[in-house]
Every structure is written in C-alpha cells, then in structure tokens.
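A.B. asks: I'd like to ask some things about the structure below.
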Amino acid sequence: MQTMGEELKKLVPANFAERQTDILSRMAGHDEVKRIKKEFPDRSSDLLHPSNYRDLSQHLSCFDNCKSCPGLDACKNDQKGHTSVVEPDPDKMDALNFRLQKCPLLVGFEKQQRIGRLIKSHHIPRSVLNATFEDIEPDPPRRAAIVEAMKFCTDFVPGQTIKGLYLYGQMGVGKSKIAGAVAQELAKRGIDVLMVYVPNFLAEAKDSIRSNSVLSKLEALKEASVLVLDDIGAEPLTSWTRDEVLGSILQRRMEELPTLYTSNLTINELRKHLENVRDAKEEDRRRHEKKAERIIERIEPFVKVLPVGGRNRRRD
C-alpha cells in the first residue's frame, strides 16, 4: 500500500521542479524585478521565494501588458483599466505588497465621462474625435501646424503647460482634425481634454439660463485640463454670451490651463467679430471695442497662432 506522500507525488506534474526553477530564473532577469530590488533592497530578499510566486507573476503580467498598452478598450489585464503597483508593507519591515490601482487612461476616461455628463453640446463629429496624427496628411500648407500640434502633446506637462494653440484657416482644411488628434494623443496619457463646438455650446448656455444649469456647464469648461474651442468666431454673439460666458471661461483659464482654438478667422478678424455683438448699439461702439479687446487679451498672449492652409478636403 502506498503512503500518502507517494500518492500526492502522483498529482504533481512531471518536471514540476525544473519548470518552477526555469520560471523563477526568468523572473529574476525581468527588468521590473531588477527595479524592485534596486528600489527596495531591504524588502526584496525573499521576492523570488515560491511563496511570492502568485503575487509577483500577476504583477509582472500586469506590468508587461501595460508596457505595450493597446488602449483602454483593448486592455489585456484581468481588471480592465488597472495596473499593478508595488509598495512597502506597512505591517512588516521586510515585506512588499502588490495591489491594483486605476491606470491613467481609466482615470482620464472617468474624468471625461464626468465632464461629458455636464456638457450636452459637444456636437463634435466622430471623425474629428477619433482623428490621430497618423490619419492626417502632413502636406506643406499644414505641416507647420501639425508639427506644432505634435510638439504641444510631447511637451505637455499637467500643471505647467499654460500656452495653447490658435489654428486658423479656410473651411475644410483640417483644423478640427488636428485639434482632435491632439485630444486623442493627450487622452492616451490620461489627460482629460474637453472639445466643444462653440456655436452650439453658446446657444445652449443661453437656453440653460432658464434651468439655472449654466453655472455647472461653465465650471466644466473652466476646469478641464485642456479645452478645445472648435470654430470660435462662427457663433452669433450677444453681449452676455461674449462677456459672461466666453469671457468667464477664458478669465479662469488664462495663465493656468491651456486652451486650443480652431477658427476661420485671424486674430484681428476675431477681434472684429467680438466687437459686433447682435445687441450692440452704435453709441456703445467704443465700449464694445474695449470688451472685445479684453477677450482677445485672454486669448492671444496664451496661444501660438498657426495658419492651416491647403484645399477644402470636405470636397474630396
């Protein structure tokens, strides 16, 4: 009759010890294991002990998946949108803990969702929201603007970058798609970007006075890490939408948070547009000129002005 130990041995897969040794050896050579040992030398002496195999292997699997991140929708981790972090065990002086936390993409997505619930008037075409720099042809009339937009993304530092972009040109040349590609690129880094079609938003802001919800809508635009105001200058303005809505948003953002603009108008043409509000009276002309200049002073010093040329691609 066989002993219990002999019976248990039959349940162990063939070459189990050799396979375990091989796995632990490969773990030892993993860059993340080397980093952990370097960062926590007093807590990692038993890191490769078989008792830590499950936690460490899950951490390394998470690490590898995040390193080649395919985006939030295609996340390969068991808990989508989460990454594994290692930290000192507060109860044991020589041990480490592995835990899951939300990755920057999920944090950015959830923040976008919260903002999106407050703003109904995005009205940005899906083709613009899904645009990437790979989709945009860098033809000579647009190349400088595209390069600067890409540089804005690579140089962007949350809490430090305050200067945005002002992209202007004729209809259909791709200004909005360049701005959309910026939004996509920043969102990949977990940075919340809010893109608003200005004519519809200002119309909605005016209508929402009756429901007292205008303040919450304005706060969402004021607080977004990066705001894109698409097609500014195409909206019919009143003194109220210019001064209390647009002016209020830009007053909060200047010198603190970057704003990107797309427009068919040059800065000087935009100034004239801001002067000519629908309720302006001729005797108030000078006052409206000052009000318009005040808005321009909240835009021009805080952007890099870039022309976008080329053919009308909507006609292709």
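The values are calculated or read from the model by the stated rules, or taken from the named source; none is laboratory data. This structure is a prediction, so every number in the text was calculated from the model and none was measured. In this analysis, Cβ positions are derived from the backbone assuming ideal geometry, glycine residues included, and neighbour counts consider all displayed protein chains.
A.B. asks: Out of all the residues in segment 163-174, which are under 17 Å from MET254 (Cα atoms) and surrounded by 14 or more Cβ atoms within 10 Å (Cβ to Cβ)?
C.D. replies: GLY164, LEU165, TYR166
A.B. asks: Taking the criterion of being part of a loop (DSSP other than H, G, I, E, B), within 22 Å of SER68 (Cα to Cα) and touching a strand residue (DSSP E or B) at 6+ places or on another chain (Cβ under 9 Å), would at least one residue in segment 163-183 satisfy it?
C.D. replies: no
A.B. asks: Would you mind stating whether LEU306 is in the same structural domain as LYS163 (by TED's automatic domain parsing), in a strand (DSSP E or B), touching a residue at least 12 places away in the same chain (Cβ under 8 Å) and buried (at least 18 other Cβ atoms within 10 Å of the Cβ)?
C.D. replies: The answer is yes for LEU306.
A.B. asks: Would you check which residues across segment 234-255 are over 24 Å from the mean Cα position of the chain (by Cα), farther than 11 Å from ILE295 by Cβ and not in a helix (DSSP H, G or I) and list them?
C.D. replies: Selection gives ALA234, GLU235, PRO236, THR238.
A.B. asks: Something else now. Six or more apart or on different chains, Cβ under 9 Å: which pairs go from a residue in segment 81-97 that's in contact (Cβ under 8 Å) with a residue 60 or more places away in the chain to one that's in a loop (DSSP other than H, G, I, E, B)? Could you list them?
C.D. replies: Within 9 Å, the pairs are LEU96/PHE40; LEU96/ARG43; LEU96/SER44; LEU96/LEU47; LEU96/ASP89.
A.B. asks: Kindly indicate the residue of segment 209-254 that is of a type in the set (Gly, Ala, Ser) and more than 26 Å from LYS281 (Cβ to Cβ) and also surrounded by the most Cβ atoms within 10 Å (Cβ to Cβ) among those meeting that condition.
C.D. replies: Per the criteria, the residue is ALA224.
A.B. asks: Now for a different question. Please give the number of the condition ALA181 fails out of (1) within 15 Å of THR259 (Cα to Cα); (2) at pLDDT below 90.
C.D. replies: (2)
A.B. asks: Shifting gears a bit: Can you pull out the residues in segment 115-128 that are modelled with pLDDT of 85 or more and touching a strand residue (DSSP E or B) at 6+ places or on another chain (Cβ under 7 Å)?
C.D. replies: ILE124
A.B. asks: Then there is this: Could you give me the residue pairs with C-beta distances under 9 Å whose first residue belongs to segment 261-284 and is among the small types (Gly, Ala, Ser), whose second residue is in a loop (DSSP other than H, G, I, E, B) and crowded, with 18+ Cβ neighbours inside 10 Å wherever it lies, and which are 6+ apart or on separate chains?
C.D. replies: Correct list of pairs: SER263/GLY169; SER263/ASP231; SER263/ILE232; SER263/GLY233.
A.B. asks: I'd like the full set of residues that are loosely packed, with under 11 Cβ neighbours inside 10 Å and either under 22 Å from LYS76 (Cα atoms) or not assigned by TED's automatic domain parsing to the domain that holds HIS82 (or both), limited to segment 32-58.
C.D. replies: Scanning segment 32-58 gives a single hit, ARG54.
A.B. asks: Continuing with the same structure: Which condition from (1) free of Cβ contacts under 8 Å to residues at least 24 places away in the same chain; (2) under 20 Å from GLN112 (Cβ atoms) is the one that GLY164 breaks?
C.D. replies: (1)
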